[in-house]
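Beneath this line is the structure, given in structure tokens, with notes to follow.
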Amino acid sequence: MGNGSSFEQIKTIYLDINGKEEKIIFSRHSTPLEIHELIAQAAGVNKHSTISLRDKNGAHVAVSPTMPVNSAQNPYKVVTREPPPATDNDAFQAVLTHVAEQLNRLVKVDELKTNFNARLTSLEKRMELEGLKAVEIEKCKSEISYIRDQLWNAQKKPIMTSGSCDHFFSSLSDERKIILKRDIPTYPKYTLSQETVDYLKQPTFDIWHWEPNEMLSLLEHMYHELGLVEEFNINPIVLKRWLLCVQENYRNNPFHNFRHCFCVTQMMYGMIHLCKLWERMTTEDLGILLTAAVCHDLDHPGYNNTYQINARTELAIRYNDISPLENHHCAVAFQILSNPETNIFAYVDKDTFKRIRAGITMLILATDMARHAEIMESFKEKLAAGFDDKNKEHLDTLKMVLIKCCDISNEVRPMEVSEPWVDCLLEEYFNQSDREKIEGLPVAPFMDRDKVTKPTAQIGFIKFVLIPMFETVARVFTQIDEVMVQPLKNAKDRYEEMKSIEEAQKEAKKALSQNH
């Protein structure tokens, strides 16, 4: 009985190859690829040839371990076709074959071997589908890379039981966890009115009236309207997934959250239209500007660089105290883009992606306010020498200044839109200063709840940072003067008036207490 059971695991198939009888023997556990190669060997053709089998009635028979057993009197007729010239898919198929061979040699545990063979069979079937898209090929490559990692781990340590999986995944780096996030559901599709489409281009846009799903749809609209989907050949489904994954990787901080990301991106979109940036830049440049704005504060922890450095946090140590937060935002952005399911640049060539990566990194790093004087000085020097659109250094500096403007542009907006942001920012500042006091770290006066007020927080910033920066940009784009510089001056006057009222009330209260 034992021998019979063993015998049933072997199958013999008879073949008719150009009138010559052949037979092949294989295990029921063989993969379709292994059987395909056996038939190719028997037929004396290249293993990459297309092979089909037909029974005596002319019906096609699938090449698989479950194909019906036949006899020498009723062999399957073998029809072969030589492979076309080598393509990327052939190279990819060769990788699959190599991985299969590695598995056969290295994996000694039957359970693990069966599991890996099943995954490889699944990949092979996907490769056989007509018109397999590049995003799927990237996904296949990612899975093969993961299998290789598993093989390496299998050689180094005992095979993990199901009970040890939780420990394995919990030990992964933060970057890996981004890829392992749950499947992200789609968000509802909104039909935008023409009024909304036009309003979205204005610096006066009120970002407080929109729910998260609506903000996602508005961001999606920007990519379509600016022609970025066509420029980068972005898969629209991947664009949705990417935006959702970006949203998931913004934390619920009082200020540095997903709404701030949307606010900065909307201002960038508004400046693109206000300044007609497509007349000075390529569509690729516009895509870099918008994407950098979307990603510029990814996974912000709610505590600034000064805290990171003074508290000697993991981020500060990792980036040697050099713009730790901005470096982290970049790393998270490109980790998300490394996942084929959320890579909006999957279809661009290597040189284009290299330019995109360098551009986005440059812009996000430019948002570190510690570099403000350096960047503005460089911009003024280029203006003094005569700004040149065709000069890459000039254009790069302009792009850095533009994202800086958008990042701190709240006071450009109407008071009812800008003032709530001041409350959010002060709340985040006070959270940090409270923690710094507890931990015995230095506290910045502008963050100390016992020393700062709303007008004192804003007057100096508007007067010495915002107005000079926007006035400098207005030397290139004169339309900014009326639309952005003037509202900043109005905001400064409003806060100075608010400060005068507060001081008058404080004096009145002081005098009242003295009289009593």
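Per-structure values
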{"item": "Cross-chain or 6+ apart pairs with Cβ under 9 Å, the range 454-476 first and at positive phi, then of a type outside the set (Phe, Trp, Tyr)", "result": "none"}
{"item": "Tally of residues being assigned to a loop (DSSP other than H, G, I, E, B) and in contact (Cβ under 8 Å) with a residue 40 or more places away in the chain across the range 322-348", "result": "9"}
{"item": "Those residues of the range 463-516 which are of a type in the set (Ser, Thr, Tyr) and open to solvent by 60 Å² or more (accessible area, probe 1.4 Å), in sequence order", "result": "Thr478, Ser500, Ser513"}
{"item": "Residues satisfying the stated conditions in the range 445-460, i.e. in a helix (DSSP H, G or I) and surrounded by 16 or more Cβ atoms within 10 Å (Cβ to Cβ)", "result": "Met447, Lys454, Pro455, Thr456, Ala457, Gln458, Ile459"}
{"item": "Identity of the residue in the range 47-60, under 20 Å from Pro83 (Cα atoms) and open to solvent by less than 70 Å² (accessible area, probe 1.4 Å), that ends up farthest from the chain's Cα centre (by Cα)", "result": "Leu53"}
{"item": "Sole exception among (1) more than 23 Å from Tyr307 (Cα to Cα); (2) at pLDDT 95 or above; (3) in contact with a helix residue (DSSP H, G or I) (Cβ under 7 Å, 6 or more places away or on another chain) for Glu502, by number", "result": "(2)"}
{"item": "Members of the range 392-418 found to be open to solvent by 10 Å² or more (accessible area, probe 1.4 Å) and either closer than 18 Å to His300 by Cα or out of contact with any helix residue (DSSP H, G or I) (no Cβ under 8 Å at 6 or more places or on another chain) (or both), listed by number", "result": "Lys392, Asp407, Ile408, Glu416"}
{"item": "Boolean, Glu377 is loosely packed, with under 15 Cβ neighbours inside 10 Å and either part of a helix (DSSP H, G or I) or in contact with a helix residue (DSSP H, G or I) (Cβ under 6 Å, 6 or more places away or on another chain) (or both)", "result": "yes"}
{"item": "Residue tally, condition open to solvent by less than 50 Å² (accessible area, probe 1.4 Å), at pLDDT below 65 and in a loop (DSSP other than H, G, I, E, B), over the range 81-112", "result": "1"}
{"item": "Criterion (within 30 Å of the chain's Cα centre (by Cα) and not in a helix (DSSP H, G or I)) met by exactly one of Asp396, Asp389", "result": "Asp389"}
{"item": "Qualifying residue in the range 428-435 (condition: part of a loop (DSSP other than H, G, I, E, B), polar (S, T, N, Q) and either surrounded by fewer than 19 Cβ atoms within 10 Å (Cβ to Cβ) or touching a His at 6+ places or on another chain (Cβ under 6 Å) (or both))", "result": "no"}
{"item": "Given (1) touching a residue at least 60 places away in the same chain (Cβ under 8 Å); (2) over 30 Å from the mean Cα position of the chain (by Cα); (3) assigned to a helix (DSSP H, G or I), index of the condition Leu441 fails", "result": "(3)"}
{"item": "Condition met for Met67 (surrounded by 12 or more Cβ atoms within 10 Å (Cβ to Cβ), modelled with pLDDT under 90 and of a type in the set (A, V, I, L, M))", "result": "yes"}
{"item": "Filtered residues of the range 232-256 (kept if farther than 11 Å from Ile344 by Cα and in contact (Cβ under 8 Å) with a residue 40 or more places away in the chain)", "result": "Leu244, Cys245, Val246, Glu248, Asn249, Tyr250, Arg251, Asn253, Pro254, Phe255, His256"}
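Residues checked against (1) within 19 Å of Lys11 (Cα to Cα); (2) part of a loop (DSSP other than H, G, I, E, B):
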{"site": "Glu22", "(1), (2)": "yes, no"}
{"site": "Phe26", "(1), (2)": "yes, no"}
{"site": "Ser30", "(1), (2)": "yes, yes"}
{"site": "Leu33", "(1), (2)": "yes, no"}
{"site": "Ile39", "(1), (2)": "yes, no"}
{"site": "Asn46", "(1), (2)": "no, yes"}
{"site": "Asn57", "(1), (2)": "no, yes"}
{"site": "Pro68", "(1), (2)": "yes, yes"}
{"site": "Val79", "(1), (2)": "no, no"}
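The values are calculated or read from the model by the stated rules, or taken from the named source; none is laboratory data. This structure is a prediction, so every number in the text was calculated from the model and none was measured. Reconstructed Cβ throughout: ideal geometry from the backbone, glycine too, with neighbour counts over all protein chains shown. For the accessible areas, the whole protein counts, side chains as well, though only heavy atoms, and no ligand, DNA or RNA atoms are used. Shrake-Rupley method; radii C 1.70, N 1.55, O 1.52, S 1.80 Å.
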